[in-house]
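Working notes for the structure below.
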Amino acid sequence: MKLHRADFSGKNAITGYGEGYVLVNQARHQRSIVVMPDQLVTDWTASTLAALTAEHVAALLPLGAEVILIGTGPRLVFPRPEILAPLIRAKVGYELMDVHAACRTYNILMAEERKVAAALLLG
C-alpha cells in the first residue's frame with residue numbers, strides 16, 4: 001500500500017508498505033528497522049517476534065522516544081511480559097500492533113510532532 005505524503009519537511013515518513021517491507025522516504029527496507037522522525041536505525045538486530053528479547057527492547061530506550069510502536073509482524077501477536085519489562089520499568093509508553101497499523105500510526109504521531117519510534121519486525 002502506498003501512503004500519501006504530507007509535507008514532513010525532512011523527517012522520516014513511512015511512504016508505503018507491503019508484505020515483508022516498508023518504504024521510508026521512498027527507500028525500501030526488508031529487514032527489521034526502527035523509524036523515528038529524525039533517525040533511522042537499520043541495524044536493529046531483532047528479526048521476528050519469536051526472536052525478540054528484552055535486550056532488543058532495552059536497546060530502544062536510549063533513542064528517547066516518548067512512545068514506541070512495536071510492529072509485531074503481519075499480524076498482532078503479544079510478546080511475553082518479561083520482554084516488555086524494560087519499557088515498563090523506564091515508564092516509556094508503548095503500543096503493540098501489526099506492522100501495517102504501526103506504519104499508519106507512526107505517520108499520524110510524527111505529523112503531530114510527537115517523539116515517536118516505530119520498531120518494525122519485518123523478518
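Ellipsoid fit via the Cα gyration tensor, the chain: semi-axes of 21, 16, 12 Å, each the root of five times an eigenvalue, largest first. Can you work out the FRET efficiency for the pair Lys91 and Thr45, with r the C-beta to C-beta distance and R0 = 22 Å, to the nearest 0.05? Once the sixth-power term is evaluated, E becomes 0.35.
Loop-located GluC sites (Glu not before Pro) in segment 42-121 (DSSP state not H, G, I, E or B) with no more than 11 neighbouring Cβ atoms inside 10 Å: Glu66, Glu112, Glu113.
Against the chain, whose longest principal axis is taken from its Cα atoms, helix 99-111 shows a tilt of about 70°. Bridge orientation summary for the chain: considering DSSP beta bridges with both residues in this region, about 60 percent are antiparallel. Which distance in Å, rounded to a whole number, links the C-alpha centroids of segment 92-116 and segment 9-31? Cα centroid of segment 92-116 versus Cα centroid of segment 9-31: 14 Å apart.
Computed 3J(HN,Hα) for segment 32-43, one whole-Hz value per residue from the Karplus formula 6.51 cos²θ - 1.76 cosθ + 1.60 where θ = phi - 60°, is 3, 9, 10, 10, 10, x, 10, 8, 10, 9, 9, 10, glycine and proline marked x. Based on protein heavy atoms only, the chain ends up with 53 Å² per residue of surface accessible to a 1.4 Å probe. Loop-located chymotrypsin sites (Phe, Trp or Tyr not before Pro) in segment 6-51 (DSSP state not H, G, I, E or B) with no more than 13 neighbouring Cβ atoms inside 10 Å do not occur. Taking trypsin sites (Lys or Arg not before Pro) as exposed when their DSSP state is a loop state and no more than 11 other Cβ atoms lie within 10 Å, the longest site-free interval of the chain runs over 1-74. Ligands, DNA and RNA left out, the 1.4 Å accessible surface of segment 65-105 is 57% carbon and sulfur atoms. Amide H contacts for Trp44 (H built 1.01 Å from N in the peptide plane; partners 5 or more residues away or on another chain; cut-off under 5 Å): Val34.
The values are calculated or read from the model by the stated rules, or taken from the named source; none is laboratory data. Fair warning: this is a prediction, and the values are worked out from it, not measured in the lab. Quick reminder, even Gly has a Cβ in these numbers, built from the backbone with ideal geometry, and neighbours come from all protein chains shown. Heads up: the accessible areas ignore ligands, DNA and RNA and are worked out on the full protein's heavy atoms, side chains in. Shrake-Rupley method; radii C 1.70, N 1.55, O 1.52, S 1.80 Å.
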